[in-house]
Amino acid sequence: MGEFTFKGQGKLQRVDSFTSKAGKTILTLIFETEGKYPQLVPIKVFGRLAEQASGWKPGSMLSVTGRLGGRDWQGKVYGDIVANTVEVTGEGADDGDAPPPPSDDDVPF
């Protein structure tokens, strides 16, 4: 059976950083989907991709391919979305020119 893979493109909201117990830096790219009920999508990057992350600015459009996986810990399964490749497809705009977020108090659930 093959791997579960994905390919997507989106606007980078922020980059979160975490250091593992082994001392390795793990970065999580946080994307926000568009639509009536936007969702945050975390995608992890490791190794050489983590080293390239300084060139990825919030607001930039990124094209990402990767794999979906998970791990079992104490009887619970935790999902992982891990990037294999990241490519900048558009530079971020100055936040001062961005329109304010829509004001909709309707909760999607």
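The values are calculated or read from the model by the stated rules, or taken from the named source; none is laboratory data. Just so it is clear, the structure is predicted and the values come from calculations on it, not from any experiment. Counting neighbours? That spans all protein chains shown, and the Cβs are built from the backbone with ideal geometry, glycine included. Surface areas here come from the heavy atoms of the whole protein model, side chains and all, with no ligands, DNA or RNA. Shrake-Rupley method; radii C 1.70, N 1.55, O 1.52, S 1.80 Å.
Count of the stretch 79-101 residues, restricted to those that are of a type in the set (D, E, K, R), farther than 28 Å from G69 by Cβ and at pLDDT 60 or above, is 1.
Quickly run through the stretch 1-24 and pick out the residues that are of a type outside the set (S, T, Y) and open to solvent by 90 Å² or more (accessible area, probe 1.4 Å). Lay out the reasoning, then the answer.
We begin by selecting, within the stretch 1-24, every residue of a type outside the set (S, T, Y); these are 1-4, 6-16, 18, 21-24.
Passing the criteria: M1, E3, F4, K7, Q9, K11, R14, F18, K21, K24.
What is the residue count in the stretch 25-69 for residues that are open to solvent by 50 Å² or more (accessible area, probe 1.4 Å), within 13 Å of G10 (Cβ to Cβ) and in contact (Cβ under 8 Å) with a residue 60 or more places away in the chain? So that I can check it myself, show each step before the final result.
Taking the stretch 25-69 and keeping what is open to solvent by 50 Å² or more (accessible area, probe 1.4 Å), we get 25, 32-40, 42, 44, 46, 48, 51-52, 54, 57-58, 61, 67-68.
Cutting the leftovers down to within 13 Å of G10 (Cβ to Cβ) gives us 32-35, 38-40, 42, 58, 61.
Those still in the list that are in contact (Cβ under 8 Å) with a residue 60 or more places away in the chain too: none.
Here the count works out to 0.
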